[in-house]
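See structure below.
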Amino acid sequence: MPNPSNTPRPNDPPTANHAACTTPGVDPDLWFSDHPTDRTRAKRLCAGCPLLDPCRAYGLDTDQLWGVWGGLDRADRRRILRGVVCGTETALKIHRRYGERCTVCETAHDRRVETRRRQSLAAAHARGGTAASAQLHRKLGEPVCAPCRRAELAAEEARRRARGIPPRDARTGDGRTRGSGTPSVGAHTTAQAA
């Protein structure tokens, strides 16, 4: 990354004519802009640069106070130097605050969420299944096991009773009580015989 005055310094990172920040037609001030959109564009250009790693190392090793170095702006470098690295919940929150997407952070977050859901599901299974664990099965994209489904149906019936709604018919699954609406199979057969 060149310095704004373009005067070479002994500690500057290796440079080459093909570095992203020296590409003809690209404004080098982009890497030192105060505007978030400019910094984001500079970071994107850095992503494909052959000097990404040494430039990033230089920015971190010398604790640069301004500019984008190796795809990292000052806030990124400070997070890394404080130990906040991608793959952690803290890093994911920071990415989201800046409107950034990070597949490393998002994948790690998804794995942590799935692990917590599976732990909760195992605990619920140890208690014989719960209505909440039925939802966990669905969130994990798997069929609901019989104990969890029974618990879910029991909770639903308890809510219906509390509201004064008749229980569901076990055979039809609808809200009608036996003997109301359409006749049951046995009653229909008896009526035909008479």
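Could you calculate the FRET efficiency of Arg149 with Arg111 from 1/(1 + (r/R0)^6), where r is the beta carbon distance between them and R0 is 25 Å, rounded to 0.05?
For Arg149 and Arg111, the calculated efficiency is 0.40.
Can you tell me the FRET efficiency between Arg127 and Arg161 if r is taken as the Cβ-Cβ distance and R0 is 30 Å, rounded to the nearest 0.05?
0.85
At 7 Å along Cα-to-Cβ for each site, give me the label-to-label distance between Thr62 and Glu89 in nm.
In this crude spin-label approximation the distance works out to 3.8 nm.
Charges at C-beta only: +1 for Lys and Arg, -1 for Asp and Glu. How large is the resulting dipole of the stretch 11-82 about its Cα centre, in Debye rounded to 20?
Around 340 debye, computed over the stretch 11-82.
Expressed in nm to one decimal, what extension gain is obtained for the pair Gln119 and Thr40 from 0.36 nm per residue of sequence separation less their Cα-Cα distance?
Between Gln119 and Thr40, full extension yields 24.6 nm more.
Sort 93-105, 29-41 by the packing proxy (mean of other Cβ within 10 Å over each peptide's residues), most packed first.
29-41, 93-105
Viscosity 1.002 mPa s, temperature 20 °C: Stokes-Einstein D of the stretch 30-133 from its Kirkwood Cα radius, in µm² per second?
Approximately 136 µm²/s, per Stokes-Einstein.
Could you work out the per residue convex hull volume over the alpha carbons of the stretch 11-82, in cubic angstrom?
That works out to 81 Å³ per residue.
Could you calculate the contour length gain from Asp29 to Arg96, that is, 0.36 nm times the residue separation minus the distance between their Cα atoms, to one decimal place in nm?
21.5 nm
The numbers here are math on the coordinates, done by the rules we state, and not lab data. Since the model is a prediction, treat every value here as computed from it, not as a measurement. Heads up, the Cβs are rebuilt from the backbone with ideal geometry, glycines too, and the neighbour counts pull from every protein chain shown.
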